[in-house]
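The values are calculated or read from the model by the stated rules, or taken from the named source; none is laboratory data. All values derive from a computational prediction rather than experimental measurement. Cβ placement follows ideal geometry from the backbone for every residue including glycine, while neighbour counts extend to all protein chains displayed. Areas reflect the complete protein model, heavy atoms only, side chains present, ligands, DNA and RNA absent. Shrake-Rupley method; radii C 1.70, N 1.55, O 1.52, S 1.80 Å.
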Amino acid sequence: MAVTGWLESLRTAEKTALLQDGRRKVHYLFPDGKEMAEEYDEKSGELLVRKWRVKSALGALGQWQIEVGEPALPGAGSLGPEFIKENNANEPSLSWICLVQPIFMRKDTKMNFQWRIRNLPYPKDVYSVCVNHKERCIVVRTTNKKYYKKFSIPDLDRHQLPLDESSLSFAHANCTLIISYQKPKEILVAEAELQKELKKVKTAHSSDGDCKTQ
């Protein structure tokens, strides 16, 4: 069974854990050299970050690729007036439009996979969010052709579970499109089993120095 296979790979991976700043940080090293790092809220157990890193053909470590959590910002600093302009006359419902690019991120809840796309100022009825079963992805588009994006749900791919259109919903508020996909029961069971497994990993505290290996 696919779920068991993925859980088994997590169980057999070399794991280290560290408690720091209210987060439990877990690092996985798989036999093929891939690395996965996760961060959980210490109190709620909510997954805050998941990222991956692989080695190149020459053995050099690549950049971390974020699957869950805030994307890395290209630069620091506040937005100046050059990033905002007054809206034109044919869109009277919007008085201002931000010129910054939309920011896509995943931020799950206990019961849902969830994605947020910031800097999308259009009203809710402009958006279409649906499942593409052939490509195993979710498709977001706008009727005004201003935004289009496809993205997969890696958790479902790893567990070899189908996408279900009825599990998908979305909302829009404060220039942010919020897309939710209800986690299937197989995922909830797998996540609960993983938390039991992680409790077995010895966890160091930030004051202890390096984290310990299972």
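I'd like the FRET efficiency for GLU42 and ALA171, computed as 1/(1 + (r/R0)^6) with the beta carbon distance as r and R0 of 25 Å, rounded to 0.05.
Working: r = 29 Å, r/R0 = 1.15.
With R0 = 25 Å, the Cβ-Cβ based efficiency is 0.30.
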Handout entry: Centre separation in Å (Cα based) which lies between region 27-63 and region 110-165
Key = 24 Å
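What do you reckon, how do ASP164, ASP108 stack up by accessible area (1.4 Å probe), largest on top?
Values: ASP164 70, ASP108 10 Å².
Largest accessible area first, the list is ASP164, ASP108.
For every other residue with a beta carbon closer than 14 angstrom to the beta carbon of LEU163, add +1 if it is Lys or Arg and -1 if Asp or Glu, then tell me the sum.
It works out to a net charge of -1.
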Handout entry: Whole-percent carbon and sulfur share, accessible surface of region 97-183, 1.4 Å
Key = 50 percent
Practice task
Considering only protein heavy atoms, with the full assembly of protein chains and a 1.4 angstrom probe, order TRP52, TRP64, TRP115 by accessible area, largest first.
Solution key: TRP64, TRP52, TRP115
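Relative contact order for region 97-183 using alpha-carbon pairs under 8 Å, separation at least 6, rounded to a whole percent? Before the final figure, lay out the partial values.
Values: 145 pairs, mean separation 26.5, N = 87.
It comes to 31 percent, rounded to a whole number.
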Completion exercise
For ARG11, the accessible surface traced by a 1.4 Å probe with all protein chains present amounts, in square angstrom to the nearest 10, to 80 Å²
Handout entry: Residue-normalised accessible area of region 108-166, given per residue in Å² at a 1.4 Å probe
Key = 55 Å²
Problem - Accessible-area ranking of ASP157, ASP21, largest first, probe 1.4 Å - result: ASP21, ASP157
Problem - Coordinate range along principal axes, alpha carbons of region 121-207, Å, largest first - result: 53, 36, 17
